[in-house]
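Worksheet: one structure, shown below.
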Amino acid sequence: MERDGDKMINIEHLWFSYTGTLPYILDDINLEIEDGEYISVIGDNGCGKTTLMRILLGFLEPTRGSISIDTKYIGYVPQRNDFTNTTFPITVYEVMYSYHRLLKLKNKDIIMELLKLVGMESFKNSLMGNLSGGQTQKILIARALMGNPKLLILDEPSTGVDIDSQKEIYGLLKDMSMNQKITILAVEHNLEAVFSNSTKIFHLQNGHGHLCSPDKYTAEYLHYKRRDE
């Protein structure tokens, strides 16, 4: 995919419908995201946030329009996972190692390096089913970073996570964006995190999308909402 300046994601006139006809869940979406930006995607339930995320991940094809992403590998942190309340006896290290093998990586040291990055190196032999929500989320972030992605997509990263772990996780994500130039795209409902961490906010409403900075969000959103009504 040919590089277009410093853009990590470039979406042009994206339309999507599960049936291919009206009504469209996404209606003429245009979005440019630069390298290293931290974008929070917000909107009411059913507005198309998850659909947009699944299109970016390649799980769905647009009905029409174009998407270019300037990386071959995308790290993905799901909202829900198979390890919550599970009795399956798999350890933290085994989860990381299985993904390491899937990506056909050679350096095993990266597993402990990533666990240390998220503060979970001492839990390497712990069972996944015994972890708290915050601990599990840290492992999922570490796993998503395994292939050294330049783009990280997260689906509501604070869901089921305690306040202290939320602060640690968002601090880690913000550091990755600012200092490591990893582009962050997070579907969010946590507005406090949105305003504290985002370089820009992408608001979806009635199939349309509007991009603005956090400090201008309220004024621009109200203008956009009046225009849409």
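The values are calculated or read from the model by the stated rules, or taken from the named source; none is laboratory data. Quantities reported herein were computed from a predicted structural model and do not represent experimental measurements. In this analysis, Cβ positions are derived from the backbone assuming ideal geometry, glycine residues included, and neighbour counts consider all displayed protein chains.
Structure notes:
- First in segment 93-115 and basic (Lys, Arg), second anywhere and in a helix (DSSP H, G or I), Cβ under 9 Å, 6 or more apart: LYS108/TYR97; LYS108/HIS100
- Pairs where the first residue, in segment 42-54, is closer than 18 Å to ILE69 by Cβ and of a type in the set (Lys, Arg) and the second is in a loop (DSSP other than H, G, I, E, B) and at pLDDT 95 or above, C-beta under 7 Å, 6+ apart: ARG54/LEU60
- Of all the criteria given as (1) surrounded by 19 or more Cβ atoms within 10 Å (Cβ to Cβ); (2) part of a loop (DSSP other than H, G, I, E, B), the one not satisfied by PHE88 is (1).
- For segment 126-139, the set of residues classified as surrounded by fewer than 21 Cβ atoms within 10 Å (Cβ to Cβ) and among the aliphatic types (A, V, I, L, M) consists of LEU127, LEU131, listed by residue number.
- Subset of segment 91-105 that is within 16 Å of PRO149 (Cα to Cα) and aliphatic (A, V, I, L, M) - its residue that is surrounded by the most Cβ atoms within 10 Å (Cβ to Cβ): MET96
- Test result for THR71, modelled with pLDDT under 90, of a type in the set (Ser, Thr, Tyr) and under 22 Å from the mean Cα position of the chain (by Cα): no
- Against the conditions (1) touching a helix residue (DSSP H, G or I) at 6+ places or on another chain (Cβ under 6 Å); (2) among the hydrophobic types (A, V, I, L, M, F, W, C); (3) within 19 Å of LYS7 (Cα to Cα), ALA186 satisfies every one except (1).
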